Amino acid sequence: MNKQHPVLVVGGGLSGLSLGYALRQQGVPYRVLEASGRAGGVVESLHRNGFELDAGPNSIAMAPELRTYFEQLGLQDQIVEAAAASKDRYIVRNNQLHAISPHPFKIMGSKFLSGGAKWKLFTEAFRKSKPASADESVADFVARRFGREIATYVFEPVLSGVYAGNINKLSIKEVMPMLVSWENQYGSVVKGLMKNKGAMGGRKIVTLRGGNASLTNKLAAVLGSDLQLNTKVTGVWQNAADESYELSVSVNGLVSVIKASQVVFTTPAYAAANALESMDHPLAAALRNIEYPAMGVLHLGYDRAALGKVPDGFGFLVPAAEQKHFLGMIYNSAIFPFKAPEGKALFTVFIGGANQQSVLQQPPENLQRQVITEVNELLGISAQPVMQQFQVWPHAIPQLNTGFDAVRQLTARFEAAHPGLYIAGNYSTGVAVPTIIRKADDLALRIKEKQ
Ligand SMILES: Cc1cc2nc3c(=O)[nH]c(=O)nc-3n(C[C@H](O)[C@H](O)[C@H](O)COP(=O)(O)OP(=O)(O)OC[C@H]3O[C@@H](n4cnc5c(N)ncnc54)[C@H](O)[C@@H]3O)c2cc1C
């Protein structure tokens, strides 16, 4: 490895920016290369008629180390904690909102599950498990432990809320590893939950004033000229003579080569695949195979007076079985009142994802009309929104489906064969904002040790 060159970080979304910042903190020379003209990737905040909208992450689960991180960045005055009402969450069944809780005993008291499903939940601790396959889907795991109804009406909407994913494909050990470990350790998921009560939620939800892009904008500002926009990485190879890495980059269509001591790919998997194709075809093929379903984000502003009896809360999830044209809705102004101007309310509706790709094929105006009709019907609203803003992410969130092991194995083999080259997109670190930041700090330390 040739140490006279900087570390090159490919991609200027949250993963790349937070890694750049961590390298800077470690005193490691680096540069972040971002293909587009804007840093932040899917973290994007907009302002419309006094409403503050987040087209990407809307809420961040706070941890003490994250507060310190925000303070270091000078963002402490922008942290806003969620209102108490945000603890109330709902699931739709038979066109009605039902309050839900991650606590099994509270679920037992709710009306949205049948007696049979509650019995399966209650008796889970006594159920002998059939040996699980090594790589089980969420649907199979949950059906084995709790039955199909709980898979359909609890796990499907919850995972649709996080990954916009399909539980028949998502891998349980990738997306809910603690459930697998509880089954292994205690013979029961419910017993595991009772012994690890802190594991299910409990963290404060926060947002940043100005929108969550305040975080990526701040990181980009701190990185300054070490962040290079409009710079698309098209290939990578190792220079046998001095062991440095070389990247081919296209800047406004002009192609050149930059040398690096170490290289980190934080781009989405399909983009990393294109650049890595000539170095490792099987890895590139596995990365290209990771599904990234499109997702639509529809912001709706209403006159508060028009909302009638809409319950305050975090929002609600819609199981696919309910056959609506959307996955769920966040009630932003109930969580963070400042998100809407005085006298108004703000909702953010999520559409598409792995289960509903076809919904996004129809003309956007028709889709928005349909979704507004369904939201109004569910919430008993007769007025039309006073503000609406629609955006589609063509490749929103990577799906950690069964078979993801192959990506992990090929990545480990590749990184071992090419010391100083890392695959660190959110599909390998985890998709949540706090996880990405924590993993960037860890990786910066490993990189520093090698410099
Ligand atoms: C709609 C939505 C809602 C979400 N909600 C939440 C939430 O509420 N809470 C939460 O914690 N998380 C949430 N997430 C997840 C979280 O926002 C993402 O996991 C995270 O922001 C991804 O950052 P990233 O840098 O890994 O990827 P990206 O944001 O995709 O950034 C990758 C960057 O790489 C660049 N790039 C691509 N190809 C190249 C190339 N060849 N050369 C150079 N650069 C390249 C792209 O232009 C892009 O800027 C949400 C995600 C989405 C999409």
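Just so it is clear, none of the values below were taken in a lab; they were calculated from the coordinates. What you see is a predicted model; the values in this text were computed from it and never measured. Note that we place each Cβ from the backbone using ideal geometry, even for glycine, and neighbour counts take in every protein chain shown.
The shape of the range 264-373 comes out prolate: with a ≥ b ≥ c from the C-alpha gyration tensor, a/c is at least 1.5 and a/b beats b/c.
Rounded to the nearest 20, the Cβ-based charge dipole of the chain about its Cα centre (Lys and Arg +1, Asp and Glu -1) stands at 1200 debye. Here the simple spin-label model places points 7 Å from the Cα toward Cβ, and for Asp77 and Ala306 these points are separated by 3.5 nm. Averaged over residues, the count of other Cβ atoms within 10 Å places the peptides 396-402, 47-53, 341-347 in the sequence 396-402, 341-347, 47-53, highest first. Using the Stokes-Einstein relation with a Kirkwood hydrodynamic radius computed over Cα pairs, the translational diffusion coefficient of the range 59-201 at 20 °C and a viscosity of 1.002 mPa s comes to 127 µm²/s. For the chain, the longest principal axis of the alpha carbon atoms and the long axis of helix 213-223 meet at an angle near 10°.
Each residue of the range 47-59 was assigned a 3J(HN,Hα) from its phi angle through the Karplus expression (A = 6.51, B = -1.76, C = 1.60, θ = phi - 60°), giving 10, 9, 6, x, 8, 10, 10, 10, 7, x, x, 9, 9 Hz with x at Gly and Pro.
In the chain, Cα pairs under 8 Å separated by at least six residues give a relative contact order of 25 percent. In this rough spin-label picture, where each label sits 7 Å from Cα along the Cβ direction, the Arg127-Glu377 distance is 3.3 nm. Do any of Lys169/Lys204; Lys111/Lys309; Lys118/Lys197; Lys111/Lys191; Lys118/Lys195; Lys204/Lys339 go past 28 Å between their Cα atoms, and which? Violating the 28 Å limit, Cα to Cα: Lys169/Lys204. Here is the list for the range 72-124: trypsin sites (Lys or Arg not before Pro) lying in DSSP coil, each with at most 11 other C-beta atoms within 10 angstrom of its C-beta, are Lys111.
Taking other residues whose beta carbon is less than 12 angstrom from the beta carbon of Gly40, and scoring Lys, Arg as +1 and Asp, Glu as -1, yields -1.
Listed by chain and number, the aspartates and glutamates whose alpha-carbon sits under 15 Å from that of Lys87, ignoring those within fewer than 8 places in the same chain, are Asp312.
Partners of Lys232 within straight-line reach, counting aspartates and glutamates whose Cα lies under 17 Å from its Cα and excluding those fewer than 8 residues away in the same chain: Glu34, Glu246, Glu277. Note on the chain: dipole from Cβ charges, positive end direction compared against Val310, Ala383, Ala440; the farthest Cα belongs to Val310. Mean separation of Cα pairs under 8 Å and 6 or more residues apart, divided by the residue count, gives the range 103-199 a relative contact order of 26 percent. The label-point distance for Gln391 and Ser256, in a model that sets each label 7 Å from Cα toward Cβ, rounds to 3.1 nm.
Farthest toward the positive end of the dipole of the range 103-199, out of Tyr163, Leu179, Ser137, is the Cα of Leu179, where the dipole comes from beta carbon charges about the Cα centre.
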